[in-house]
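K.L.:
Before we start, here is the structure in question, set down as structure tokens.
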Amino acid sequence: MSGYPTPLVALIIFLVILFGWILVRHLRLKPSNDRSWVNDNKKTAKAEFDGDVVTIRNVRDFVWRSTRDFDEQWIDVKIRLDKVTKIWFVLEYFDPGRREMAHTIMSFETEDGTRIACSIEVRREQGERYHPIKGLFRQYELIYVWATERDVVGVRTRCRRKSVTHLFEAVVLGPGNERRMLESYLRRTNKLNDSPEWYNTITNTCTTNIVKHVNEVYPGRVPRVLAVLLPGLSPKILHRNNLVKMRGSLEETMQRSLIDGRANEWDGISDFGEWIRK
């Protein structure tokens, strides 16, 4: 008998070695905050705490005429943590025909009507497009985009032809939990500034991070269910777990929470957040 392996065995050995090399190379990839980013992901936010006051640096405040035509602007926003009174939940369906695929955003409101939103996203490089399969393999960094509502909600409601967007007021249980939720978000934002992370389509997304923040403030309030992985399925979970305020049945609440029509009627002068809540 020959001492050499058969062609089939040799092929298997080669494939095992190749897979091992690819796996090692994959695991050695390191996330970075230093790349050539698209304009709307160019800057990362940072929170500076001073007692009851927090200053959020690099808040995005673009004026969007279309997804490719915009005026770039970054601002600082100062918020009194002890004056945060409401939390809002935004659910955007990319395509109404594919209800399982969606994006989720949280927005925080203070007593004086100041609102600031946080969208947890893929941080894209110049020329890069998102694909959920690529998101499984350390291809995108994670970013917490802090922005005004006219920016991050406006671009979705006014500039994306297919998407459908809902706005819900969150149910907050216990005094001071609005503040604790905001602080949880801001601590994570600062952590990502110092230690970037890979986005992962299953384990590190917009919705999985929202669930972590909610469960940090309310341990066990959001169960581990499929809707966490497919945020478009979340309305029933929101209803069942008393996470958002209902206006009638679930179907009625979904209909009444639509804001695309109001957003497209915005006069461009009035406060955008007030306008979509009329």
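K.L.:
With a/c under 1.5 counting as rounded, go ahead and sort region 86-146 into rounded, prolate or oblate using the C-alpha gyration tensor (a ≥ b ≥ c being the square roots of the eigenvalues; past the cut-off, prolate if a/b is larger than b/c, else oblate).
P.N.:
Cα axes put region 86-146 in the oblate bin.
K.L.:
For the chain, what is the relative contact order in percent, using Cα pairs closer than 8 Å and at least 6 residues apart in sequence?
P.N.:
Values: 452 pairs, mean separation 55.1, N = 278.
Relative contact order of the chain: 20 percent.
K.L.:
Follow-up. Report, ordered by chain and residue number, the lysines lying within cross-link reach of K212, taken as a straight Cα distance under 22 Å and ignoring same-chain residues fewer than 8 apart.
P.N.:
Counting by Cα, and skipping residues close in sequence, K212 has these lysines nearby: K46, K86, K191, K236, K245.
K.L.:
Continuing with the same structure: Can you spot the aspartates and glutamates whose alpha carbon is less than 13 Å from K78's alpha carbon? Ignore those fewer than 8 places along the same chain.
P.N.:
Leaving aside aspartates and glutamates fewer than 8 places away in the same chain, those within reach of K78 are E48, D50, D52, E109, D112.
K.L.:
Using the Karplus curve 6.51 cos²θ - 1.76 cosθ + 1.60 with θ = phi - 60°, work out ³J(HN,Hα) for each residue of region 268-278 in order, rounded to whole Hz, and write x for Gly and Pro.
P.N.:
Those phi angles translate into x, 10, 5, 4, 4, x, 5, 4, 6, 9, 4 Hz.
K.L.:
Quick one: which residues, 5+ away or cross-chain, put their amide H under 5 Å from the amide H of R123? H built at 1.01 Å from N.
P.N.:
Placed amide hydrogens put E141, L142, I143 under 5 Å from R123.
K.L.:
Same structure again: Whole-Hz ³J(HN,Hα) for each residue in region 145-157, computed from phi via Karplus 6.51 cos²θ - 1.76 cosθ + 1.60 with θ = phi - 60°, x for glycine and proline: what do you get?
P.N.:
These are the phi-based 3J(HN,Hα) values: 8, 8, 7, 6, 5, 5, 7, 6, 8, x, 5, 7, 7 Hz.
K.L.:
Hey, how much of the P(r) for the chain falls beyond 29 Å, as a percent of Cα pairs? List each step's numbers first, then the result.
P.N.:
Working: 14020 of 38503 pairs.
Looking at the chain, the distances longer than 29 Å represent 36 percent of pairs.
K.L.:
How many angstrom lie between the C-alpha centres of region 163-231 and region 235-278?
P.N.:
Each part's Cα centre sits 19 Å from the other's.
K.L.:
Now for a separate question. Which of T201, T114, T44 moves the most in a Gaussian network model of the chain with Cα springs under 10 Å?
P.N.:
Looking only at T201, T114, T44, the biggest GNM fluctuation is shown by T114.
K.L.:
Net charge near Q126: determine it from the other residues with C-beta under 13 Å of the C-beta of Q126, scoring Lys and Arg +1 and Asp and Glu -1.
P.N.:
On the way: positive: R35, K42, R123, R124, R129; negative: D40, E125, E128.
After counting each charged neighbour, the total is +2.
K.L.:
I would also like to ask the following. Apply the Karplus parameterisation 6.51 cos²θ - 1.76 cosθ + 1.60, with θ equal to phi minus 60°, to every residue of region 206-213 and state each ³J(HN,Hα) to the nearest whole Hz, in sequence, with x for glycine and proline.
P.N.:
4, 6, 5, 6, 4, 4, 4, 5
K.L.:
Oh, and also: Could you tally the net charge around N200, taking each other residue with its Cβ under 14 Å from the Cβ of N200, Lys/Arg +1 and Asp/Glu -1? It would help to have the intermediate numbers written out before the result.
P.N.:
On the way: positive: R123, K134, R138, K212; negative: E121, E141, E197.
Summing Lys/Arg as +1 and Asp/Glu as -1 gives +1.
K.L.:
Within 10 Å, count the other beta carbons around each residue, average over each peptide in 148-158, 122-132, 78-88, and list them highest first.
P.N.:
On the way: 148-158: 23.8, 122-132: 14.0, 78-88: 17.1.
Per-residue Cβ counts within 10 Å, averaged per peptide and sorted highest first, yield 148-158, 78-88, 122-132.
Any read-out appearing in this document is the output of simple, stated calculations on the displayed coordinates, not a laboratory observation. All figures in this text were calculated on a predicted structure; none of them were measured in a lab. Please note: Cβ atoms are built from the backbone with ideal geometry, for glycine as well, and neighbour counts cover all protein chains shown.
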